[in-house]
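Heads up, the thing below is written out as structure tokens.
Each value in this text was obtained by applying a stated rule to the coordinates, not by laboratory testing. Predicted model only: the values in this text are computed from it and were never measured. Glycine also receives a Cβ, built like all others from the backbone with ideal geometry; neighbour counts cover every protein chain displayed.
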Amino acid sequence: MPRASEPRPVALIAVQARLHPDRYRSEAAYRSWIADACAEAVAGLPPADEVPRLIAFPELIGAPLAWALDRDADPRDAAGAAHRVLANVREAPGVVARAALRFRRLGPALLHHPRAVRAGRVHQRAFADAARDARATVVAGSILGPPVGYEPSRGWHVTHGAARNRAHVFGPEGGLLGVSDKAFLTPGAESRIGLTPGRVEDLRPLATPAGPVGVAVCLDAFFEEVVGRLDGQGATVLVQPSANPASWTRPWPPDPTMREGEAWWRHGLPRLLRERTHLRAGVNPMAVGDAFGLSPRGRSTVVVAGAPGADGLPEGIVAAAPDAHDAAIVRTLVRLPLGYDFRPT
């Protein structure tokens, strides 16, 4: 029978990232932002070979690259990104036509193709380098659009016609460990912009120095079939990159007696990690800020199953951002089994 390894300290870190147009104007600006955030996240920690590090960024952090990269400031940035997407098509109608023919696809997903390769390359390279410099496993939030990958004979290119909400994970050496596609799209919003859901059966934990890590992008982590699947495959840490589009203090629509933030904590990771076989901890990085028509709000957390809440927080929440609208680094050291011993007993 497999046995859990002896628990060891692991640094779990949520980056509460504040979106701002200037951070997406150039590759250098984006890379600098991500590198600085990772450096701040691990500053003062014990050496990585003694205490493995897991840094998680929020959902949608890479999405504005397709709208703003290599473009001057636009007064409409505050109003939304729809005009940017249409501008992409006007700039490169041939890309859309070739994608339609190559992938035998019509519809709004094609609008994501014109700048997908450039955005995908910049996003992945920025996080790969930051992970290597920080000597950490890094969950790179998510980026929207068709999957983009590298192959020597073709270079960076679109690998599939469907547009996804996709989270990449990079190891401490800078290599890509795997990807997770969001399976349960936000009702209405994400399907309207042409996104295709991933498959729950494709979700699986990734072996990292911080233990087996499962990634469930935002809404996915509220579904028992997603959390149960990752738990059943041996994940010890669940990362939930999120971009909550509502005020953290509004009445929660399904139950107005609760506030939005209360609902996240009552129905989210603190509850979902109870009574699990393998899952012991969760990291929920939240996007904040006001840019490109997006106004996400949320308090990022690190959760440990059954642990007393820190500083008056609900049970399980061992660290949280001080507010729902400013940038923050949320981190703590947790003792976790880093894997399973499958040698015969």
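Peptides 229-241, 119-131, 52-64 ranked from most to least packed by the mean count of surrounding Cβ atoms within 10 Å: 52-64, 229-241, 119-131. Rounded to whole numbers, the Karplus 3J(HN,Hα) couplings from phi for region 30-39 are 5, 4, 5, 4, 5, 4, 5, 5, 5, 4 Hz, using 6.51 cos²θ - 1.76 cosθ + 1.60 with θ = phi - 60°, and x at Gly and Pro. For residue 197, neighbours were defined as the other residues whose beta-carbon sits under 11 Å from its Cβ, and their charges (Lys and Arg +1, Asp and Glu -1) total -1. Residues in region 272-280 carry Karplus couplings, in order, of 5, 8, 6, 6, 9, 7, 10, 4, 10 Hz; the curve used is 6.51 cos²θ - 1.76 cosθ + 1.60 with θ = phi - 60°, and Gly or Pro positions show x.
Peptides 320-331, 287-298 ranked from most to least packed by the mean count of surrounding Cβ atoms within 10 Å: 287-298, 320-331. Scanning residues 5 or more positions from residue 259 or on other chains, those with amide H under 5 Å from its amide H are 252, with H placed 1.01 Å from N in the peptide plane.
Kindly rank 11-23, 251-263 from highest to lowest mean number of other beta carbons found within 10 Å of each residue.
Ranked from most to least packed, the peptides come out as 11-23, 251-263.
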